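Notes follow the structure.
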Amino acid sequence: MLLANKIKDFHIILGSQSPRRQELLAGVLSSELNVHHPFEVVVKDVQEIFPEDMPVADVPCYLAELKAKSFTPAEIKRNTIVITADTIVLLNGKILGKPTSAEDAVAMLKSLSGNRHEVITGVCLRSAGKIQVFSDRSEVWFRHLSQKEIRFYTEHFKPFDKAGAYGVQEWIGYIGIEKIEGSYFNVMGLPTQQLYIELMKFIS
């Protein structure tokens, strides 16, 4: 049975304001007839703080679970599933978060230029009775970007809400990314193939 048929009686809450995650979740919940399962978007104000001694690869799952646990039991009624996620960009073992300014974005893109980095997305599924956390990892290679290309992208696309200061689905991805090993959609912010499998198991 397809996920779209199994999940039709569930109320799905996506705890993310990211338009990319909303688009990707809508695609995952589609049936073969392209009928989208409706879901609610509820964004909580969560301080994304993690222990300093935590291995960096564990941070996305920790933060995704933190976001899921910000929902009260009263908000997670019977047949409700909350989906939360967090994505980090790792360059040489260091987390590149969301840029705090245009210059910060430029500096991040300069560091990614000509290098390989990792993107890890943690996802948490929470219902009234259980919780499931998983992650996916992709490797991304950027070609050498010119100063003009980096400035053009930051000025016109303003990637200040994106980890690592770039969106793979935007112009910088079209002209700058040489290769991806792993899920493309994971780099966008939601590992759709793995989410589909985990949701199938979660509601079984």
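The values are calculated or read from the model by the stated rules, or taken from the named source; none is laboratory data. Nothing here was measured: the structure is a model prediction, and the numbers come from that model. With ideal geometry, Cβ positions are generated from the backbone for all residues, glycine too; neighbour counts draw on all protein chains shown.
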* Considering only residues of region 161-204 that are at pLDDT below 95 and assigned to a loop (DSSP other than H, G, I, E, B), which is surrounded by the fewest Cβ atoms within 10 Å (Cβ to Cβ)? -> SER204
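From the list LYS148, LYS110, LYS130, which residue is touching a Phe, Trp or Tyr at 6+ places or on another chain (Cβ under 8 Å) and surrounded by fewer than 16 Cβ atoms within 10 Å (Cβ to Cβ)? Can you show your working first?
Working: LYS148 fails: touching a Phe, Trp or Tyr at 6+ places or on another chain (Cβ under 8 Å); LYS110 fails: touching a Phe, Trp or Tyr at 6+ places or on another chain (Cβ under 8 Å).
The conditions single out LYS130.
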* region 146-163, subset in contact with a helix residue (DSSP H, G or I) (Cβ under 6 Å, 6 or more places away or on another chain) and not aliphatic (A, V, I, L, M), residue nearest to GLU48 (Cα to Cα) -> PRO159
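Output the residue which, of all residues in region 112-137 that are of a type in the set (Val, Ile, Thr) and over 14 Å from ILE88 (Cα atoms), is nearest to the chain's Cα centre (by Cα).
Our first condition is that a residue be of a type in the set (Val, Ile, Thr); within region 112-137, this holds for 119-121, 123, 131, 133.
Next cut, over 14 Å from ILE88 (Cα atoms) only: 131, 133.
Values: ILE131: 18, VAL133: 13 Å.
Per the stated criteria, the residue is VAL133.
Looking at the structure I just gave you, is ILE150 in contact (Cβ under 8 Å) with a residue 40 or more places away in the chain, touching a Lys or Arg at 6+ places or on another chain (Cβ under 7 Å) and farther than 24 Å from LEU25 by Cβ?
Working: in contact (Cβ under 8 Å) with a residue 40 or more places away in the chain: yes; touching a Lys or Arg at 6+ places or on another chain (Cβ under 7 Å): yes; farther than 24 Å from LEU25 by Cβ: yes.
Judged against the criteria, ILE150 is a match.
Tell me yes or no: at least one residue of region 52-63 is among the aromatic types (Phe, Trp, Tyr), surrounded by 14 or more Cβ atoms within 10 Å (Cβ to Cβ), at pLDDT below 95 and farther than 26 Å from TYR153 by Cβ. Steps first, please.
Going through region 52-63, the residues among the aromatic types (Phe, Trp, Tyr) turn out to be 62.
Now drop any that are not surrounded by 14 or more Cβ atoms within 10 Å (Cβ to Cβ), which leaves 62.
Narrowing the set further to residues that are at pLDDT below 95 leaves none.
Among the residues of region 52-63, not one is among the aromatic types (Phe, Trp, Tyr), surrounded by 14 or more Cβ atoms within 10 Å (Cβ to Cβ), at pLDDT below 95 and farther than 26 Å from TYR153 by Cβ, which makes the answer no.
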